[in-house]
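The values are calculated or read from the model by the stated rules, or taken from the named source; none is laboratory data. For clarity, every value in this text was computed on a predicted model and none was experimentally measured. Virtual Cβ from ideal backbone geometry, glycine too; neighbours counted across all protein chains shown.
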């Protein structure tokens, strides 16, 4: 009888404690809010209180130990969680094994699907911060997110973030098609959250549906305020327009991305590909800009040659690289790679006598910086044999 009376008192006290904790949370007094909840339910027997504890710990922790110990603090004026998180300080630590506690409560309250949503919240946050559940891979964590949020969704629980997380979980594991519906639901619940249309556009890009993807890419571009994220959205929009064979729109989007990130390799590469494909007069200018990002980058040389090769513009590629000889950096890597690719292009153009000196120079320069087993030397030896007078 005493136990029953105590439980009854605790249950009755819960609404008041939740209301008081919510008020303290709004005032950024996160430690005090947790203390109120812990006093109301010290043994973690009440789902509503435990879920509110979880919310405080996951949203406002300043330090975390294996994602089972969480440091909280009542913030002073001007302090924010973002600025303090991960830094040393005087914090109160709270130990709570969230998945174990919620799983126990699920057995006691099998119809309370808020607990499923709470488990989804935990595994999603653990995946994002890489600070807990070290015995699980990212794929395993994402599958747990999908599983637990799925149960909540099946019982009309969830919000735009839980649906977004399910879509992300599928997409991050290469499952574009099942990501579409949850992303669409997330957008319907909150049209102002830019990550959902961005990732939906990316999923549709993977599904080779550029026409369907373009409006979502446009939406994310409009909604993002962070320059890097806005540049990513514009770059993807440019790629979608390219796939739709709309070069003018593609160039406009790519230039918008480049304005935000002037040194971004992928954007410059896309603009070069667009110019070469459309035989634009500024192709050489874009190739030069890509080359100058890093004249000693083998990937850059390969990309430029591949772009010209795809349009069967071997002579144009050779002319471009030849044009870089006077101003190319005198470092061994930059000189060696430039001469190597000039040699390859001249061999393709059936000019072995022109290619051979480039092969010899490439060999001399690259020996200064590359190991003897580098595959480039096999290519050079083959070229020298084929270009021997």
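Here is how the numbers come out for the structure above:
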| item | result |
| --- | --- |
| Output for region 320-351, where each listed residue is at negative phi, out of contact with any helix residue (DSSP H, G or I) (no Cβ under 8 Å at 6 or more places or on another chain) and in a loop (DSSP other than H, G, I, E, B) | 326, 327, 330, 331, 351 |
| Boolean, residue 132 is in contact with a helix residue (DSSP H, G or I) (Cβ under 7 Å, 6 or more places away or on another chain), outside any helix (DSSP H, G or I) and surrounded by fewer than 22 Cβ atoms within 10 Å (Cβ to Cβ) | yes |
| Set 240, 255: member being more than 17 Å from the chain's Cα centre (by Cα), surrounded by fewer than 22 Cβ atoms within 10 Å (Cβ to Cβ) and either closer than 21 Å to residue 207 by Cα or in contact (Cβ under 8 Å) with a residue 12 or more places away in the chain (or both) | 255 |
| Residue match in region 141-163 (condition: modelled with pLDDT of 95 or more, out of contact with any strand residue (DSSP E or B) (no Cβ under 7 Å at 6 or more places or on another chain), in a loop (DSSP other than H, G, I, E, B) and within 22 Å of residue 198 (Cβ to Cβ)) | yes |
| Checklist (1) surrounded by fewer than 19 Cβ atoms within 10 Å (Cβ to Cβ); (2) under 36 Å from the mean Cα position of the chain (by Cα); (3) over 16 Å from residue 284 (Cβ atoms) applied to residue 337, failing item | (1) |
| Single match in 315, 362 (criterion: at pLDDT 95 or above, under 19 Å from residue 300 (Cα atoms) and either surrounded by fewer than 17 Cβ atoms within 10 Å (Cβ to Cβ) or out of contact with any helix residue (DSSP H, G or I) (no Cβ under 8 Å at 6 or more places or on another chain) (or both)) | 315 |
| Selection within region 44-84 - more than 14 Å from residue 126 (Cα to Cα), assigned to a loop (DSSP other than H, G, I, E, B) and out of contact with any helix residue (DSSP H, G or I) (no Cβ under 9 Å at 6 or more places or on another chain) | 76, 77, 78, 79, 80 |
| Lone qualifier among 164, 122 - being crowded, with 17+ Cβ neighbours inside 10 Å, within 22 Å of the chain's Cα centre (by Cα) and free of Cβ contacts under 8 Å to residues at least 40 places away in the same chain | 164 |
| Residue tally, condition part of a helix (DSSP H, G or I) and over 13 Å from residue 224 (Cβ atoms), over region 234-266 | 19 |
| Among the candidates 39, 29, 23, residue that is in contact with a strand residue (DSSP E or B) (Cβ under 7 Å, 6 or more places away or on another chain), at pLDDT 95 or above, more than 23 Å from residue 132 (Cβ to Cβ) and surrounded by fewer than 20 Cβ atoms within 10 Å (Cβ to Cβ) | 29 |
| Region 219-228: number of residues that are under 17 Å from the mean Cα position of the chain (by Cα) and under 22 Å from residue 207 (Cα atoms) | 2 |
| Hits in region 57-83 - residues which are in contact with a strand residue (DSSP E or B) (Cβ under 7 Å, 6 or more places away or on another chain), closer than 28 Å to residue 110 by Cβ and buried (at least 17 other Cβ atoms within 10 Å of the Cβ) | 57, 70 |
| Subset tally (residues that are surrounded by 12 or more Cβ atoms within 10 Å (Cβ to Cβ), more than 22 Å from residue 32 (Cβ to Cβ) and more than 29 Å from the chain's Cα centre (by Cα)) for region 84-111 | 6 |
| Scope region 193-204; condition more than 15 Å from the chain's Cα centre (by Cα) and buried (at least 22 other Cβ atoms within 10 Å of the Cβ); matching residues | 204 |
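Conditions (1) touching a helix residue (DSSP H, G or I) at 6+ places or on another chain (Cβ under 9 Å); (2) more than 19 Å from residue 225 (Cα to Cα); (3) crowded, with 20+ Cβ neighbours inside 10 Å, marked per residue:
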| position | (1), (2), (3) |
| --- | --- |
| 170 | yes, yes, yes |
| 175 | yes, yes, no |
| 179 | yes, yes, yes |
| 183 | yes, yes, yes |
| 187 | yes, no, yes |
| 191 | yes, no, no |
| 206 | yes, yes, no |
